[in-house]
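The structure appears right after this line, and notes come after that.
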Amino acid sequence: MKTGDSASLTRRFTPEDLRGFAALAGIDPVSLAAIPEPLIAALFSYLLGVRLPGPGTNYLKQELDYLCPAPLDAVLTATVTITRLRPDKHLCDLETVLAGEAGAMFARGRALVLVKDVGSAAS
């Protein structure tokens, strides 16, 4: 891992996805006009835990600003990018961004995670 490394995931949420979320949340799916924020945050959780930094990652903090509602059936790309490594503390800071096909920005933030092996070079 090094500063600037990134991982992305592209996803389109369908009406069926929203019905499944509504059933789990105990809410009426008709009340969902846009993709719920927990589903958006889950994209970043997946990236951090599976791709970058990957298995063994422990979430310490996440800040996520939702800039505008993400519409149903939009093609969304979630990206995490390493902005700082702190090997002495086993910490990794990452930028988190959710964008649409035409470059529309839906969410932006940062995450701080604890990782067993953050590399040997600090930034």
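Scanning the stretch 27-65 for residues that are among the small types (Gly, Ala, Ser), at pLDDT 90 or above and farther than 16 Å from Asp5 by Cα turns up Ala41, Ala42, Ser45.
Residues in the stretch 95-119 that are exposed (fewer than 15 other Cβ atoms within 10 Å of the Cβ) and of a type in the set (Asp, Glu) were compared, and the one that is farthest from Ala70 (Cα to Cα) is Asp117.
Here's the yes/no breakdown for (1) more than 15 Å from the chain's Cα centre (by Cα); (2) in contact (Cβ under 8 Å) with a residue 40 or more places away in the chain:
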{"position": "Pro53", "(1), (2)": "no, yes"}
{"position": "Leu60", "(1), (2)": "no, yes"}
{"position": "Asp65", "(1), (2)": "no, yes"}
{"position": "Cys68", "(1), (2)": "yes, no"}
{"position": "Met105", "(1), (2)": "no, no"}
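Mind listing whichever residues of the stretch 37-68 are closer than 15 Å to Ala99 by Cα and touching a helix residue (DSSP H, G or I) at 6+ places or on another chain (Cβ under 8 Å)? If the condition is that a residue be closer than 15 Å to Ala99 by Cα and touching a helix residue (DSSP H, G or I) at 6+ places or on another chain (Cβ under 8 Å), then Leu39, Leu64, Tyr66 are the ones that fit. Here Val30 meets each of (1) under 12 Å from the mean Cα position of the chain (by Cα); (2) part of a helix (DSSP H, G or I); (3) of a type in the set (Val, Ile, Thr) with one exception, condition (1). Among the residues of the stretch 2-21, the ones that are under 15 Å from Ala42 (Cα atoms), of a type outside the set (D, E, K, R) and either without any contact (Cβ under 8 Å) to a residue 12 or more places away in the chain or in a helix (DSSP H, G or I) (or both) come to 3 in all. Can you confirm whether Leu60 is surrounded by fewer than 14 Cβ atoms within 10 Å (Cβ to Cβ) and either of a type outside the set (A, V, I, L, M) or touching a strand residue (DSSP E or B) at 6+ places or on another chain (Cβ under 8 Å) (or both)? Here the answer is yes, as Leu60 does meet what is asked. Provide a single number: the residues in the stretch 61-89 that are basic (Lys, Arg) and under 20 Å from Ile40 (Cβ atoms). Selection size over the stretch 61-89: 1.
The values are calculated or read from the model by the stated rules, or taken from the named source; none is laboratory data. As the structure is a prediction and not an experimental result, all values here were calculated from the model. So basically every Cβ, Gly included, is an ideal-geometry build from the backbone, and we count neighbours across all protein chains shown.
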